[in-house]
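The values are calculated or read from the model by the stated rules, or taken from the named source; none is laboratory data. This is a predicted model, so every value here is computed, not measured. Here the Cβ is made from the backbone with ideal geometry for all residues, glycine too, and neighbour counts use every protein chain on show. Keep in mind that these areas ignore ligands, DNA and RNA; they rest on the heavy atoms of the full protein, side chains included. Shrake-Rupley method; radii C 1.70, N 1.55, O 1.52, S 1.80 Å.
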Amino acid sequence: MLKYPYGFDTFTNFLTKCGLVEIELISKEYCFCYLLPQGVSIYLYKNGTILIQGNPAIKHAIEMTIKELLQKTS
């Protein structure tokens, strides 16, 4: 499970650093949902948990990219 240890207001910039530039943010009561054109959704919950769902071929690559950048910045 991935955890985002920084403020929610920085997550969009973090995704951009991961190379994800075409994202649509949908704010929900319990989380922020980022929709990607590749058929993947990234959910950032209020407790910092990151959940990635959608196209399995793309999902794994995005998850690895996020995980790698989190390790570099922590």
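Remarks
- Other-chain or far-sequence residues with amide H under 5 Å of Thr49's (modelled H): Tyr4
- Loop-resident sites, the stretch 2-70, for GluC sites (Glu not before Pro), counting at most 16 other Cβ within 10 Å (DSSP): Glu22, Glu29
- Rg over Rh for the stretch 1-64 works out to 0.92, using Cα positions for both radii and the Kirkwood form for Rh.
- Residues in the stretch 2-23 reached by a label modelled at Thr73 [backbone nitrogen below 13 Å; 7 Å Cα→Cβ]: 3-20
- In sequence order, calculated HN-Hα J values of the stretch 33-47 (Karplus, 6.51, -1.76, 1.60; Hz; x Gly/Pro): 10, 10, 9, 10, x, 7, x, 10, 10, 10, 10, 10, 7, 4, 8
- Rounded percent of accessible protein surface that carbon and sulfur make up, the chain, 1.4 Å probe: 54
- With the highest mean first, a sort of the peptides 54-62, 5-13 on other beta-carbon atoms found within 10 angstrom per residue produces 54-62, 5-13.
- Long-range amide H partners of Val40 with built H, under 5 Å: Asn55
- Per residue, the chain exposes an accessible area of 63 Å² to a 1.4 Å probe, with every protein chain left in place.
- Annotation for Phe8 and Leu35: the two label points, set 7 Å from Cα along the Cα-Cβ direction, are 1.9 nm apart.
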